[in-house]
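Engineer: Below: one structure in structure tokens.
The values are calculated or read from the model by the stated rules, or taken from the named source; none is laboratory data. In this text, all values refer to a predicted model and were calculated from it rather than measured experimentally. All Cβ positions, even for glycine, are placed from backbone atoms using ideal geometry, and neighbour counts span all protein chains on display. For the accessible areas, the whole protein counts, side chains as well, though only heavy atoms, and no ligand, DNA or RNA atoms are used. Shrake-Rupley method; radii C 1.70, N 1.55, O 1.52, S 1.80 Å.
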Amino acid sequence: MNIKSFLLGSAAALVAVSGARAADAVVVAEPEPVEYVRVCDVYGAGFFYIPGTETCLKIGGYVRYQMNYNNRDWTETNVGPHSYRFWKLARFAPTFDVRSGTEWGTLRAFAEVEFDWNSYTWDGAVGTGAAQSTNLYQAYIELQTGTGSFLIGKTDNPFARFLDYGDAAGPLEGDYGGQLFNSGEISYTFNPGNGFSGVIAVVEAQTGLFQPNVEVGAKFSRDWGSFGAVVGYDGPNNAWGVKGVARVAFDPVSLGVHVLYSSSEAGVYGAAHPFSGFTSRWSVLAHASIKATEKVSVLGHFQWFDRTLTGGVMPGTWRAMGGLSIDPVADLNIRPEVRYTHGVGGNDSIWEGALRITRYF
């Protein structure tokens, strides 16, 4: 009897332990709290905090489709002579803007990547058909303080960007001078907030050697417009260039004039002559924008180019562009433009047309 009782008691104990373990196995742990994305309104609209950090990120950019026409005589070894070219461009260009506050100021990193498809490309005089490419357009680190900012990285050099662009960077824009777009640079921009600003930069000369260019500029801005100048020293060519810009804005009209000079036709400062492949000694670019309605603006520019003795081109070359900037709905822009370039004595004259459609985000 005692053995039977002992066995029954042992079995009951085992069942009880197993039941306890089974009960423990089905206990569900409390879920971890979910950290939702928080809006970061410190740096403007569109920024949000990267989860788990105090760093703010904004993702933007645009998608573009553009059609281009050029009636200049073309001669290619694989297709022979033709009087015009027609090609298309599709682009996806995302941007990433990262910012955070530090004891030194706002630490920023910015990058823009261009993914391009062209329906037709050229390798010298040889047409190569459709092609795709990727370009790291901008990638820089910037420290923004109360009175200015330090920048190191790749972007449009100050000679091109500091005094702003002439006609909002349209498909058939003018030449603003400075042939070092998207170069590496180290720069400081002084902006105390009283309308005056200045910049000094050391810019990569893209020779593979340590031969940096130096650029210095100053600008004064008010609600009515701005004026300023920027000077660049071209180290490899021992040359220099200067650009002066004046702007006036009175609703619904805005006007601007760019005057460019280069001491060398082989230098990187000054406007590139349309036909010679060299830099013009002098060039003047005038542009205007008239806001016809809330959704339509009328645009135009005129640019004159001086002689380039090295290229054998005399004075008399000029360009004229006319177009529209249409914003039918938010974040959608349509820009049809036409441009005529007049060569010396009517030779080498060119008609161009472009239709650009851009969806920003």
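Engineer: Do we find a residue being at pLDDT below 95 and either exposed (fewer than 14 other Cβ atoms within 10 Å of the Cβ) or in contact with an Asp or Glu (Cβ under 7 Å, 6 or more places away or on another chain) (or both) anywhere in segment 348-361?
Structural biologist: Checked against the condition, which is being at pLDDT below 95 and either exposed (fewer than 14 other Cβ atoms within 10 Å of the Cβ) or in contact with an Asp or Glu (Cβ under 7 Å, 6 or more places away or on another chain) (or both), segment 348-361 yields at least one hit.
Engineer: Continuing with the same structure: Out of (1) farther than 27 Å from Val113 by Cβ; (2) among the hydroxyl-bearing types (Ser, Thr, Tyr); (3) out of contact with any strand residue (DSSP E or B) (no Cβ under 6 Å at 6 or more places or on another chain), the odd one out for Tyr176 is which?
Structural biologist: (1)
Engineer: Hey, could you check segment 277-287 for residues that are hydrophobic (A, V, I, L, M, F, W, C) and either over 23 Å from the mean Cα position of the chain (by Cα) or buried (at least 18 other Cβ atoms within 10 Å of the Cβ) (or both) and say which is modelled with the lowest pLDDT?
Structural biologist: Of everything passing the filter in segment 277-287, Phe278 is modelled with the lowest pLDDT.
Engineer: Of these, Ser254, Ser226, which one is outside any loop (DSSP other than H, G, I, E, B) and open to solvent by 20 Å² or more (accessible area, probe 1.4 Å)?
Structural biologist: On the way: Ser226 fails: open to solvent by 20 Å² or more (accessible area, probe 1.4 Å).
That would be Ser254, the only listed residue that is outside any loop (DSSP other than H, G, I, E, B) and open to solvent by 20 Å² or more (accessible area, probe 1.4 Å).
Engineer: Still on this structure: Does at least one position in segment 81-98 carry a residue that is at pLDDT below 95, open to solvent by less than 80 Å² (accessible area, probe 1.4 Å) and acidic (Asp, Glu)?
Structural biologist: no
Engineer: Would you mind telling me which numbered condition in (1) farther than 20 Å from Trp351 by Cα; (2) in contact with a Pro (Cβ under 7 Å, 6 or more places away or on another chain) Gly323 fails?
Structural biologist: Answer for Gly323: the failing condition is (1).
Engineer: Same structure again: How many residues does segment 260-276 contain that are open to solvent by 40 Å² or more (accessible area, probe 1.4 Å) and part of a strand (DSSP E or B)?
Structural biologist: Final tally of qualifying residues: 1.
Engineer: Just checking, does segment 261-270 include any residue being touching a strand residue (DSSP E or B) at 6+ places or on another chain (Cβ under 9 Å), within 27 Å of Pro212 (Cα to Cα), among the hydrophobic types (A, V, I, L, M, F, W, C) and in contact (Cβ under 8 Å) with a residue 40 or more places away in the chain? Please lay out each step first, then the result.
Structural biologist: So the first thing to find is which residues in segment 261-270 are touching a strand residue (DSSP E or B) at 6+ places or on another chain (Cβ under 9 Å), and the list is 261-270.
Of the ones still in play, those that are also within 27 Å of Pro212 (Cα to Cα) are 261-270.
Retained after the next criterion (residues that are among the hydrophobic types (A, V, I, L, M, F, W, C)): 266, 268.
Imposing the further condition that a residue be in contact (Cβ under 8 Å) with a residue 40 or more places away in the chain reduces the set to 266, 268.
Checked segment 261-270: at least one residue is touching a strand residue (DSSP E or B) at 6+ places or on another chain (Cβ under 9 Å), within 27 Å of Pro212 (Cα to Cα), among the hydrophobic types (A, V, I, L, M, F, W, C) and in contact (Cβ under 8 Å) with a residue 40 or more places away in the chain.
Engineer: Next question. Which of the numbered conditions does Lys295 fail, given that it passes all the others? Conditions: (1) loosely packed, with under 15 Cβ neighbours inside 10 Å; (2) touching a helix residue (DSSP H, G or I) at 6+ places or on another chain (Cβ under 8 Å).
Structural biologist: (2)
Engineer: Let me ask something else about it. Across segment 139-150, what is the number of residues that are open to solvent by less than 30 Å² (accessible area, probe 1.4 Å) and closer than 18 Å to Gly101 by Cβ?
Structural biologist: So the first thing to find is which residues in segment 139-150 are open to solvent by less than 30 Å² (accessible area, probe 1.4 Å), and the list is 140, 142, 148-149.
Filter again for closer than 18 Å to Gly101 by Cβ, leaving 142, 148-149.
Residues flagged as open to solvent by less than 30 Å² (accessible area, probe 1.4 Å) and closer than 18 Å to Gly101 by Cβ within segment 139-150 amount to 3.
Engineer: Return the only residue of Gly235, Gly174, Gly228 being at pLDDT below 95 and closer than 30 Å to Met321 by Cα. Spell out how you get there, then give the answer.
Structural biologist: Values: Gly235 fails: closer than 30 Å to Met321 by Cα; Gly228 fails: at pLDDT below 95.
Just one listed residue meets the conditions, Gly174.
Engineer: Considering only residues that are under 28 Å from His273 (Cα atoms), open to solvent by 40 Å² or more (accessible area, probe 1.4 Å) and assigned to a loop (DSSP other than H, G, I, E, B), which ones fall in segment 315-340?
Structural biologist: Across segment 315-340, the qualifying residue is only Pro315.
Engineer: Suppose we filter Tyr233, Tyr140, Tyr188 for residues that are within 30 Å of Arg64 (Cβ to Cβ) and not in a helix (DSSP H, G or I); which single one remains?
Structural biologist: Just a single option satisfies the conditions, and that option is Tyr140.
Engineer: Further question on the same structure: Just to check your reading of the model, which residue among Gly244, Gly270 is under 26 Å from Ser221 (Cβ atoms) and at pLDDT below 90?
Structural biologist: Residue meeting the stated conditions: Gly270.
Engineer: Kindly establish whether Thr134 is at pLDDT 95 or above and surrounded by 17 or more Cβ atoms within 10 Å (Cβ to Cβ).
Structural biologist: When the stated conditions are applied, Thr134 does not pass them.
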